[in-house]
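The values are calculated or read from the model by the stated rules, or taken from the named source; none is laboratory data. Values in this document were obtained by computation on a predicted structure and should not be read as measured data. Cβ sites come from the backbone with ideal geometry, for glycine too, and all protein chains shown count toward neighbours.
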Amino acid sequence: MASTRRTVLALAGSLALLGSTRLAKAQAWPGKPIRMILTAPPGSSIDVLGRLIAEQLRDRLGQPVVPDNRPQAGGTVGTDAVAKAERDGYTIGLSFTGPLALAPLLYAKLPYDPERDLAPIVMVGSAPNLLAVNSALPVQNAREFIEYVRRRPGQLNYASVGNGSSSHLAMEMLKAQAGLYLVHIPYNGAPPAVQATAAGDVQAIMSNPTSLMPLIRAGRIRPLAVTSAQRWHGMKDLPTIAELGYPGFEAIAWNGFVAPAGTPREAIERLNREINAILQASEVRQRIEAAGWDPVGGTPEQFAAYLKAERARWAPIVKRAGARID
């Protein structure tokens with residue numbers, strides 16, 4: 001009996017030690033620097049937002065948060081790097097509409113499955129795309145632009161921030177609904193796409209306000225309309241595309257943090273909690289809004305549901321446009 005009691009006590013002690021060790025490990029995260037993969041080039045909205053949050057996370061977590069730009073292939077290279085990283089909570093990525101929702105609909109062989117291989121952390125921001133043109137183009141508003149393009153089928157080009165981006169498919173949606181023929185020229189991120197539009201290498205673009213505003217202020221690019229359902233607070237004089245006679249037109253750009261699937265729940269919850277707190281800080285909100293974005297936040301589950309809904313919403317649009325990337 002005494003021997004059995006000693007065995008039981010020893011087993012209980014071992015279990016208690018194991019539990020405390022696991023708890024200590026959970027509480028110890030993060031114990032080293034965190035890599036933040038940014039799926040767009042320096043100067044892009046993803047880069048601006050990611051580095052802003054990285055600075056704040058460093059102070060809140062007590063560890064360096066190191067940005068790592070991986071902009072290739074419309075953000076799918078960086079998103080794939082997140083999906084294939086160690087599942088230990090030390091790699092996260094800030095990705096966006098294209099790689100997370102649209103790429104599975106466009107790529108015949110995508111190296112990752114967003115639903116299977118990624119764990120949503122939190123949605124960061126959303127913004128409309130602006131329909132804009134090179135300032136030398138002889139149009140002053142969106143209606144004039146549409147008529148100008150209709151009279152010149154196949155003669156004009158438009159830039160996007162990458163194949164499969166909302167920048168790409170928002171214009172494809174307009175082309176389909178308005179009966180336009182514009183040639184698509186994809187660029188590797190917003191900065192080169194915007195610069196090409198300002199230089200006149202292409203005539204038009206749809207992109208988020210962050211990348212366009214400096215050249216709009218400089219008078220080199222002219223904004224014509226917004227792709228949100230309601231007029232954008234940053235330029236209330238611009239009509240929505242829906243107002244131009246295309247009811248239901250909406251193409252929002254958004255972004256959010258993801259981690260490799262299987263990342264410890266403790267790390268996901270801590271990151272979610274800290275990033276939500278950062279997004280609610282007044283000075284951070286002001287900086288995000290000044291960049292043309294609306295802070296979002298929320299739970300991992302809410303972000304996962306939004307991702308699923310976006311894929312379902314865009315699927316028939318992609319099919320109708322016949323857009324594919326081999």
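None of 54, 12, 26 is over 30 Å from residue 315 (Cβ atoms), at pLDDT 95 or above and in a helix (DSSP H, G or I) except 54. When 283, 301, 266, 243 are screened for being acidic (Asp, Glu), within 26 Å of residue 43 (Cα to Cα) and either at pLDDT 90 or above or surrounded by fewer than 20 Cβ atoms within 10 Å (Cβ to Cβ) (or both), only 283 passes. For residue 136, the test of being at pLDDT 95 or above, more than 17 Å from the chain's Cα centre (by Cα), assigned to a loop (DSSP other than H, G, I, E, B) and small (Gly, Ala, Ser) is passed. Mind checking which residues of the stretch 57-71 are closer than 25 Å to residue 102 by Cβ and either assigned to a strand (DSSP E or B) or touching a Pro at 6+ places or on another chain (Cβ under 9 Å) (or both)? Within the stretch 57-71, 67, 68, 69, 71 meet the criteria. So, residue 317, is that one of a type in the set (A, V, I, L, M, F, W, C) and in contact with a strand residue (DSSP E or B) (Cβ under 8 Å, 6 or more places away or on another chain) or not? Answer is no for this residue. For residue 230, the criteria (1) outside any helix (DSSP H, G or I); (2) assigned by TED's automatic domain parsing to the domain that holds residue 87; (3) not small (Gly, Ala, Ser) hold in every case but one, which is (2). Counting only residues that are assigned to a helix (DSSP H, G or I) and out of contact with any Phe, Trp or Tyr (no Cβ under 8 Å at 6 or more places or on another chain), the stretch 248-291 holds 20 of them. The residues of the stretch 49-90 that are in contact (Cβ under 8 Å) with a residue 40 or more places away in the chain and of a type in the set (Asp, Glu), listed by number, are 86, 88.
Scanning the stretch 110-124 for residues that are touching a residue at least 40 places away in the same chain (Cβ under 8 Å) and either outside any strand (DSSP E or B) or over 22 Å from residue 89 (Cα atoms) (or both) turns up 114, 115, 116, 117. Of all residues in the stretch 304-320, those that are buried (at least 17 other Cβ atoms within 10 Å of the Cβ) and either modelled with pLDDT under 90 or in the same structural domain as residue 213 (by TED's automatic domain parsing) (or both) total 3.
The residue pairs whose first member lies in the stretch 147-161 and is in a loop (DSSP other than H, G, I, E, B), whose second member is among the small types (Gly, Ala, Ser) and at pLDDT 95 or above, and whose beta carbons are closer than 6 Å, counting only pairs six or more residues apart or on different chains, are 161/193. Annotation: residue 281 fulfils all but one of (1) farther than 25 Å from residue 89 by Cα; (2) among the small types (Gly, Ala, Ser); (3) in contact with a helix residue (DSSP H, G or I) (Cβ under 8 Å, 6 or more places away or on another chain); the unmet one is (1).
Checked against (1) in contact with a strand residue (DSSP E or B) (Cβ under 6 Å, 6 or more places away or on another chain); (2) part of a loop (DSSP other than H, G, I, E, B), residue 223 meets all criteria but (2).
In the stretch 260-275, is there at least one residue being under 16 Å from the mean Cα position of the chain (by Cα) and small (Gly, Ala, Ser)? The answer is no; no qualifying residue exists.
Residue count for the stretch 182-230 under the criterion of being touching a Leu at 6+ places or on another chain (Cβ under 7 Å), closer than 20 Å to residue 42 by Cα, surrounded by fewer than 24 Cβ atoms within 10 Å (Cβ to Cβ) and not hydrophobic (A, V, I, L, M, F, W, C): the result is 1. I'm checking my understanding of the structure. Among residues of the stretch 121-140 that are surrounded by fewer than 24 Cβ atoms within 10 Å (Cβ to Cβ) and not hydrophobic (A, V, I, L, M, F, W, C), which one is nearest to residue 83 (Cα to Cα)? Residue satisfying both the conditions and the ranking: 126.
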